[in-house]
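Following: one structure in structure tokens, then a few remarks.
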Amino acid sequence: MIEEEYTTMDRLKNTCIYRQVLILVVLLAGILALMPQSSAAQSNQRCFSETGYCISGAIRAYWERNGGLAVFGYPVTHQQIEDVEGTWQGPVQWFERDRLEDHSNQGIGVLAGRLGARYLELQDTPWQAFAQVDVSERPGHCIHFQGRYGEAAALYGGSYKQLSDWNLDIPLNDTFHLWERGCTVNGLVCLSTRRVLQERNVTPYEAHVTVEFRTADGQLFRTNGQSAFTFTLKKIGERWLVMDLPVYVA
């Protein structure tokens, strides 16, 4: 009889302990569910203790692909919707050295903000007031004039990753010398345009231009039997920019 009583008490004790443990586990699970996820768990984010802000998505990809900390600095705001220059509204994030804008809603990805143009406007000296090179609206007509590296840099809107990978000693933001090295050392054949064969609008913000180039002695440029080359142009703000590197890599 005594043995049976002890057995019953033990069973009761074990049942109580089990219930307490179960309640504790449920409470812990609830608390953990309410806690914010760590930055490590948020795999799409990259956070910086230096400023307390994070980058993610398309803006993070652009930041990492185009120079990262050395070019843009740390993020100093959250990613947020902003009105930019009264012409566009969308996701924007500010960094120590630039403003990145996600124009995915226009099909042109992330762009760096026009901070220089805006600064000049605030000084009542817009860039249009300075001396300008006489070029046509679409840079496919002029971007490959031999030796005009500054003009090429101003009219190019594509990625500098390839040029930067070839020239690790040149900072990514030194686009003039990246173009100069690309054309004189890396094998890019930078030629003047002979004639435009075709222009085709794909969207209001994108066009394809097919051109021929002339060699230094004025002859039609050919490579592997090809003499016509098509470039993608995108309208960014009020300007059309070429998105492709020069026609031919030797």
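The values are calculated or read from the model by the stated rules, or taken from the named source; none is laboratory data. Bear in mind the structure is a predicted one, so any value in this text is a computation, not a measurement. Methodologically, a virtual Cβ is constructed for each residue, glycine included, from the backbone with ideal geometry; neighbour enumeration extends over all protein chains shown.
Just the residues that are closer than 22 Å to ALA154 by Cα and of a type outside the set (Val, Ile, Thr), please, taken from region 72-94.
PHE72, GLU85, TRP88
Considering only residues that are over 15 Å from ARG239 (Cβ atoms), out of contact with any Asp or Glu (no Cβ under 9 Å at 6 or more places or on another chain) and part of a loop (DSSP other than H, G, I, E, B), which ones fall in region 101-127?
Those that are over 15 Å from ARG239 (Cβ atoms), out of contact with any Asp or Glu (no Cβ under 9 Å at 6 or more places or on another chain) and part of a loop (DSSP other than H, G, I, E, B): GLN123, ASP124, THR125.
For residues in region 36-80 being at pLDDT below 90, assigned to a loop (DSSP other than H, G, I, E, B) and of a type in the set (Ser, Thr, Tyr), which is nearest to GLU96 (Cα to Cα)?
Checking each candidate, the answer is SER39.
Regarding region 81-104, can at least one residue be identified that is surrounded by 14 or more Cβ atoms within 10 Å (Cβ to Cβ), touching a Ser or Thr at 6+ places or on another chain (Cβ under 7 Å), at pLDDT 90 or above and not basic (Lys, Arg)?
yes
So which residues in region 105-131 are closer than 16 Å to GLY157 by Cα and either of a type outside the set (Gly, Ala, Ser) or modelled with pLDDT of 90 or more (or both)?
Passing the criteria: GLN106, ILE108, VAL110, LEU111, ARG114, LEU115.
Could you check region 173-221 and list, in sequence order, the residues that are among the hydroxyl-bearing types (Ser, Thr, Tyr), modelled with pLDDT under 85 and in contact with a Lys or Arg (Cβ under 7 Å, 6 or more places away or on another chain)?
Taking region 173-221 and keeping what is among the hydroxyl-bearing types (Ser, Thr, Tyr), we get 175, 184, 192-193, 203, 205, 210, 215.
If we keep only those that are modelled with pLDDT under 85 as well, we get 184, 192-193, 215.
SER192, the sole residue that qualifies.
Inside region 207-250, can you point out the residues that are under 21 Å from GLY109 (Cα atoms), of a type in the set (D, E, K, R) and assigned to a loop (DSSP other than H, G, I, E, B)?
GLU238, ASP244
Which of the following residues is closer than 27 Å to GLU64 by Cβ and either touching a strand residue (DSSP E or B) at 6+ places or on another chain (Cβ under 9 Å) or surrounded by fewer than 16 Cβ atoms within 10 Å (Cβ to Cβ) (or both): ASN224, ASN186?
ASN186
Which of the residues that make up region 191-206 are in contact with a Phe, Trp or Tyr (Cβ under 8 Å, 6 or more places away or on another chain) and either exposed (fewer than 14 other Cβ atoms within 10 Å of the Cβ) or not in a strand (DSSP E or B) (or both)?
Answer for region 191-206, where residues must be in contact with a Phe, Trp or Tyr (Cβ under 8 Å, 6 or more places away or on another chain) and either exposed (fewer than 14 other Cβ atoms within 10 Å of the Cβ) or not in a strand (DSSP E or B) (or both): just LEU191.
Inside region 154-181, can you point out the residues that are β-branched (Val, Ile, Thr) and part of a helix (DSSP H, G or I)?
Answer for region 154-181, where residues must be β-branched (Val, Ile, Thr) and part of a helix (DSSP H, G or I): just THR175.
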